[in-house]
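Asks: Before I ask anything, let me first share the structure, which is written out below as structure tokens.
The values are calculated or read from the model by the stated rules, or taken from the named source; none is laboratory data. Note that the structure is a prediction, hence the values are computed from the model and not measured. Virtual Cβ from ideal backbone geometry, glycine too; neighbours counted across all protein chains shown.
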Amino acid sequence: MSKNNIVLVPVSSPNDQFALVTRLAVAEGEAIKEGQLLVELETTKTQVEVVSSADGFVHFLVQEGDQVEVNSVLAIVSESKQSSQNPIPDNKKITRKAQKLMRDHHLGPDLFEGMDSITSQDVLKKIVSSPAKEAIKLPQTFTKQNEISHLLQATANSFASDVTVLFNEEKVLKTIAQKTSGHFYLSVGDFLAYQCCLLLQKHPYFNAWYDGIAFAYQNVNLGMALNISGKGLKVVTIRDVPGLTLEKFAGKMQELIAGYLRDELKVDELTGSSFTLSNMHSTGVRSFTPLINLQQGAILGISSSVGGDFEVKLRFDHRLADGLIAASFLAELKQVVES
Amino acid sequence: MDKILRHEIMLKSWKIRCVEEKLLELNHSGLLHGTTHTCIGQEVISAIFSQLVRDEDQVFSNHRCHGHFLATHDLTYELFCELLGRKDGLSQGIGGSQHLHHKNFLANGILGGSVPISVGAAWVLKKKSNGSSISFLGDGSLGEGAIYESWNFSALHSLPQLFIIENNFYSQSTHQSETMAGSIAARASAFGLNFLQSSIWDLDHLDRTMREAFSAAKSNKPTVLQVDCYRLAPHSKSDDHRSKKEKDHYATIDPVNLFLAESEQDIDLKSKLENIRAEVQLASDLALKCALSNSRSYLNTPDDLSQLELKIISGPSHSIVDQLNTSLRELLKQNKNALIVGEDLRDPYGGAFKVTRGLSDLHPEKVINFPVSEALIVGFSSGAAMLGEKVIAEIMFADFLSLTFDQFLNHASKVTNLSNGKINLPFILRTPTGGRRGYGATHSQSVEKFFAGIPGINVLLPHHRIDYSNLYQRLMSVITRPTIVFENKTLYSYRPQELPASWKISTGPRGMTVVSSGDVPDLTVLAFGGMGLECEEVMFQLEQEEIQVDLLLPLWVHEFELEEILRSLEKSKKIVIVEEGTEGLSLGAELLAQLHGRLPFSHRHVLSQRGIVPAAKHLEHSFLPSREDIISACLEIFDE
């Protein structure tokens, strides 16, 4: 058998489990050179280019549009034009049957770390048992899958508690009108977000996360959860909000929303938030419970107005604060935005 | 000559002429389908013959056989029925004019082709010390090589044979001066055959000479009798470009015409002649009234070999060549009338592959070394089998079967159908097949496919796990048709090894052996002949990859056991067919065509490319299907 060179899905960001195959740059079976572009991937953050590390003939194991797990096999670069469908990583004995099962279920050899040999029994154990007959599989975007893996890792939600206060719509709008003097647009959500960030400077335990010990962020970087026009849930980040004027903040927010809608966000616009706000103010939702993001300690959820009032909920990691502290935080916030 | 005898002979000749003329008439009026080759002008030969031939003689004739037939069996009505395709025909219309079969009479349209068969018959008649084997030939057939193979052997073994050559100087439209070198006499004497000559124009002499010929044959002095004559009618229906002058001349001296002229004066005789004419007319009319034949005997019904009940070997055993030797030994022991024939079989040599070692020492009269005459070997086997001998013939290399093709295609495989099921030819022909020994293009082929397509013969391609020590005795007791057994030569030294305990091996009712490495096959592999062993080795390797295989090993290839195959294919949906023969009308292609549409499946086919088997070892290895080829086909289809 001829030598094979394996091309894996690279790890582009520490938090990404999945990537989307957007383009196969060469044809199946084509002769390629070392360094030549083979595959273009899209992660939650960015586009990634995968090149070949050897000369040879390329045999793809994926198609355009596939969602692939990090470290799974994209392609094999083989010395021979015959495709041997199965890469056998040099350090493992994987039976042909096991390889077929892995391929059919999109499992990469890295899932069997530490095993010298892999049989079909080993693979079957990894495959999630199929759901009950009445259920059908729901397709999930890679973004969602990515989100799921983040949530699974976010231990804060295991210890979360929340406090809710009602804010008055009219009073908040009046305050906004005062602040903006009609020179720029500022939504209720954006206004609350800005004021919340200023307040967080005085309440560092909500701008922190727990990982055995409590770590507080040095800056208040706001994460705004966006999920509009079918673009999927993304958290756009504005760094060091207290350092911006309200007008600058509002402008930045508009920029980010535009960038989100055009799929043109950069990595640093999608990462690095220390506190998240989830705005449901114009959705008609009366009440909801947001989930705390990975490596954060709290999240603010804003609901829609019912009879002139709307819910503002602070959900927080109880290891960092308690209900009383949260209540006083919200009370202070209310006072500021309704003044 | 005695007047009464002479009249008898002439009346008989006249009857034959009436029949032949009637047949031409039926032909021209469109009532007789096909063609006839009348013996008009040559009848006296048959008429004298009819005085001398006995029931214990075997008579072989050619396309111009009506006279010979009527001389042997006076069955005018049945003859007409046969040619008119009626129920009462000799073979119910299946054989027709050129292929008359009845009891001890056999005619075939291939010139010279039945002469080797007559030799086999002669051998048995000699053993019985009763009867002669008589072949009618035209001078035109003396171009065929099979005749000389036969004459050589007949003379060598002093067989009770008579070869009557009706020398009418023409071969269809070609005069003898264009086709024959030397003389017929010289041909006979070259082999040391007794030679006699006469003509139809001296009845006395012809009668005396034929009696002498019969007597010589009977005393094991094989004889060639040349009878000069002239065919008055065309070769078949109307093809005749001979000069009118010539034909007119012979018509004036034709014995029957002369007799007719004579009878003008004799009222008694004349009325006898008219009665005979009327008799023939009546027979013809009755035949036309007879119901049309509804026989299906032209269809081939292969032998039901499921009765073979051969054991399979799953553990250590003797080498296959030893098992074969045992089987032949047993066969010779159990059968008084067994015969093993072929080249170089006798001790001390014991056969090219030593399969027959020790046999001639034990049974010297039953093991016969033949000259290098392959067509004769098969024809001989047919003739001897026809008279009840249990014949196992060997052709030294399967490649040489090409020289026997006519005997199988046009004679052995057809006799049973042509005789409407009355005559069986159960003989076995065994032959070493396959390459991998560097013997080169004409000693390494796998030619099964060329014979598996002939309707009417059994073709076996046994694998490495059958119990060869019982093969030939069992086979001989079960077959009614000629049977070819292709023995893979690389398996001769193979000793069946034990299979892993977890594997299963079994043989179905239709002779297919199945070796399974697991309960549910991922893959079905079907291997023909010697390739079965390679595939079994591959199964081990695939097992390391957790790929479970059903290995199907068919025993015969003249038909396929589709049920057995489908049973496995239902589960695996994938089949790899492996054979050693070349691409192009291969066994596997036929199998795939038969499997197609019965259920969805994918396949791979491993076989040799179209080409010749090269002699050099490494080239031979890359031409013939290798273990690597099989593995890669299996892995490829598994991954789908």
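Asks: Consider only pairs whose beta carbons are under 7 Å apart and that are at least six residues apart or on different chains; among these, list those whose first residue lies in the range A:58-72 and is of a type in the set (D, E, K, R) and whose second residue is assigned to a loop (DSSP other than H, G, I, E, B).
Replies: A:GLU69/A:VAL9; A:GLU69/A:GLN17; A:GLU69/A:HIS106; A:GLU69/A:GLY108
Asks: Specify which of the listed residues (B:LYS414, B:LYS336, B:LYS366) is of a type in the set (Lys, Arg) and touching a residue at least 40 places away in the same chain (Cβ under 8 Å).
Replies: Unique residue meeting the criteria: B:LYS414.
Asks: From A:SER117, A:SER80, A:SER84, which residue is closer than 29 Å to B:VAL520 by Cα, modelled with pLDDT under 80 and among the small types (Gly, Ala, Ser)?
Replies: Answer to the selection: A:SER84.
Asks: Does B:GLY41 satisfy the criteria of being in contact with a Lys or Arg (Cβ under 6 Å, 6 or more places away or on another chain) and among the small types (Gly, Ala, Ser)?
Replies: yes
Asks: Hey, among the residues in the range B:544-562 that are in contact (Cβ under 8 Å) with a residue 40 or more places away in the chain and over 18 Å from B:HIS603 (Cβ atoms), which one's nearest to the other protein chains (Cβ to nearest Cβ)?
Replies: It comes out as B:GLU545.
Asks: Residue check: is B:SER626 of a type outside the set (Lys, Arg) and more than 36 Å from the chain's Cα centre (by Cα)?
Replies: No, not satisfied.
Asks: Within the range B:129-159, count every residue that is in contact with a Gly (Cβ under 7 Å, 6 or more places away or on another chain), touching a residue at least 60 places away in the same chain (Cβ under 8 Å) and not aliphatic (A, V, I, L, M).
Replies: 1
Asks: Tell me the residue from A:LYS234, A:LYS202 that is of a type outside the set (Val, Ile, Thr) and under 19 Å from the mean Cα position of the chain (by Cα), please.
Replies: A:LYS234
Asks: Here are the criteria: (1) under 31 Å from the mean Cα position of the chain (by Cα); (2) among the small types (Gly, Ala, Ser); (3) within 18 Å of B:ASN168 (Cβ to Cβ). Tell me which single one B:SER219 does not satisfy.
Replies: (3)
Asks: Another one. Restricting to the range B:627-639, what's the tally of residues that are more than 9 Å from chain A (Cβ to nearest Cβ) and either without any contact (Cβ under 8 Å) to a residue 24 or more places away in the chain or closer than 17 Å to B:SER602 by Cα (or both)?
Replies: So the answer is 7.
Asks: Tell me, which helices (runs of 4 or more DSSP H) wholly within the range B:1-83 include 3 or more residues that are farther than 28 Å from B:LEU387 by Cβ?
Replies: Answer list for the range B:1-83: B:3-28.
Asks: Now a separate question. Which one of the conditions (1) surrounded by fewer than 23 Cβ atoms within 10 Å (Cβ to Cβ); (2) more than 18 Å from B:ASP239 (Cα to Cα) does B:SER13 fail to meet, given that it meets all the rest?
Replies: In the conditions (1) surrounded by fewer than 23 Cβ atoms within 10 Å (Cβ to Cβ); (2) more than 18 Å from B:ASP239 (Cα to Cα), B:SER13 misses (1) alone.
Asks: Would you be able to say whether some residue in the range A:269-288 is among the aliphatic types (A, V, I, L, M) and over 21 Å from the mean Cα position of the chain (by Cα)?
Replies: Among the residues of the range A:269-288, at least one is among the aliphatic types (A, V, I, L, M) and over 21 Å from the mean Cα position of the chain (by Cα), which makes the answer yes.
Asks: Starting from residues that are of a type outside the set (A, V, I, L, M, F, W, C) and modelled with pLDDT of 95 or more, keep the ones in the range B:249-269 and report whichever is surrounded by the most Cβ atoms within 10 Å (Cβ to Cβ).
Replies: Restricting to residues being of a type outside the set (A, V, I, L, M, F, W, C) and modelled with pLDDT of 95 or more, the top hit is B:ASP254.
Asks: Going through the range B:583-611 one residue at a time, which ones are under 13 Å from B:GLY434 (Cα atoms) and out of contact with any helix residue (DSSP H, G or I) (no Cβ under 8 Å at 6 or more places or on another chain)?
Replies: Of everything in the range B:583-611, nothing turns out to be under 13 Å from B:GLY434 (Cα atoms) and out of contact with any helix residue (DSSP H, G or I) (no Cβ under 8 Å at 6 or more places or on another chain).
Asks: In addition: When the residues of the range B:517-564 are filtered to those that are of a type in the set (S, T, N, Q) and not in a helix (DSSP H, G or I), which remaining residue is surrounded by the fewest Cβ atoms within 10 Å (Cβ to Cβ)?
Replies: B:GLN548
Asks: Quick one: would you say A:TYR185 is in contact (Cβ under 8 Å) with a residue 40 or more places away in the chain and more than 26 Å from the chain's Cα centre (by Cα)?
Replies: When the stated conditions are applied, A:TYR185 passes them.
Matching residues to (1) over 11 Å from A:ALA160 (Cβ atoms); (2) of a type outside the set (Phe, Trp, Tyr); (3) exposed (fewer than 15 other Cβ atoms within 10 Å of the Cβ):
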site: A:THR271; (1), (2), (3): yes, yes, no
site: A:PHE275; (1), (2), (3): yes, no, no
site: A:HIS281; (1), (2), (3): yes, yes, no
site: A:ARG286; (1), (2), (3): yes, yes, yes
site: A:ILE299; (1), (2), (3): no, yes, no
site: A:ILE302; (1), (2), (3): yes, yes, no
site: A:VAL312; (1), (2), (3): yes, yes, no
site: A:HIS318; (1), (2), (3): no, yes, no
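Asks: On to the next question. Output the residue which, of all residues in the range A:101-125 that are farther than 22 Å from A:ALA19 by Cα and either touching a Cys at 6+ places or on another chain (Cβ under 9 Å) or of a type in the set (D, E, K, R) (or both), is nearest to the other protein chains (Cβ to nearest Cβ).
Replies: Ranking the candidates gives A:ASP122 first.
Asks: Could you check A:VAL123 against (1) among the β-branched types (Val, Ile, Thr); (2) surrounded by 17 or more Cβ atoms within 10 Å (Cβ to Cβ); (3) closer than 30 Å to A:PHE329 by Cα and say which number it fails?
Replies: (3)
Asks: State whether one or more residues within the range B:108-116 are of a type in the set (Val, Ile, Thr) and under 30 Å from B:LYS270 (Cα atoms).
Replies: No: zero hits.
Asks: Can you find even one residue in the range B:205-220 that is polar (S, T, N, Q), closer than 22 Å to B:GLY113 by Cα and crowded, with 17+ Cβ neighbours inside 10 Å?
Replies: no
Asks: Go through the range B:213-265 and give me each residue that's outside any strand (DSSP E or B), touching a Lys or Arg at 6+ places or on another chain (Cβ under 8 Å) and β-branched (Val, Ile, Thr).
Replies: B:VAL256
Asks: Considering only the range A:199-215, state which residues are touching a residue at least 60 places away in the same chain (Cβ under 8 Å) and either touching a helix residue (DSSP H, G or I) at 6+ places or on another chain (Cβ under 6 Å) or within 27 Å of A:ILE257 (Cα to Cα) (or both).
Replies: A:LEU199, A:LEU200, A:HIS203, A:PHE206, A:ASN207, A:ALA208, A:TRP209
Asks: Moving to a separate point now. Which pairs have Cβ atoms under 7 Å, sit 6 or more apart or on different chains, and link a residue in the range B:74-91 that is touching a residue at least 40 places away in the same chain (Cβ under 8 Å) and of a type in the set (Asp, Glu) to one that is surrounded by fewer than 24 Cβ atoms within 10 Å (Cβ to Cβ) and assigned to a loop (DSSP other than H, G, I, E, B)?
Replies: If the second residue must be surrounded by fewer than 24 Cβ atoms within 10 Å (Cβ to Cβ) and assigned to a loop (DSSP other than H, G, I, E, B), the pairs left are B:ASP88/B:CYS290.
Asks: I'd like to know if the range B:300-307 contains one or more residues that are surrounded by 15 or more Cβ atoms within 10 Å (Cβ to Cβ) and either β-branched (Val, Ile, Thr) or over 22 Å from the mean Cα position of the chain (by Cα) (or both).
Replies: No; the residues of the range B:300-307 include none that is surrounded by 15 or more Cβ atoms within 10 Å (Cβ to Cβ) and either β-branched (Val, Ile, Thr) or over 22 Å from the mean Cα position of the chain (by Cα) (or both).
Asks: Please indicate, with yes or no, whether at least one residue in the range B:516-539 is closer than 27 Å to B:ASN300 by Cβ, modelled with pLDDT under 95 and more than 14 Å from every other protein chain (Cβ to nearest Cβ).
Replies: For the range B:516-539, residues closer than 27 Å to B:ASN300 by Cβ, modelled with pLDDT under 95 and more than 14 Å from every other protein chain (Cβ to nearest Cβ): absent.
Asks: Could you tell me which of the residues B:GLY511, B:GLY584 is in contact (Cβ under 8 Å) with a residue 40 or more places away in the chain, assigned to a loop (DSSP other than H, G, I, E, B) and either within 26 Å of B:ARG430 (Cβ to Cβ) or away from every other protein chain (no Cβ under 14 Å) (or both)?
Replies: B:GLY511
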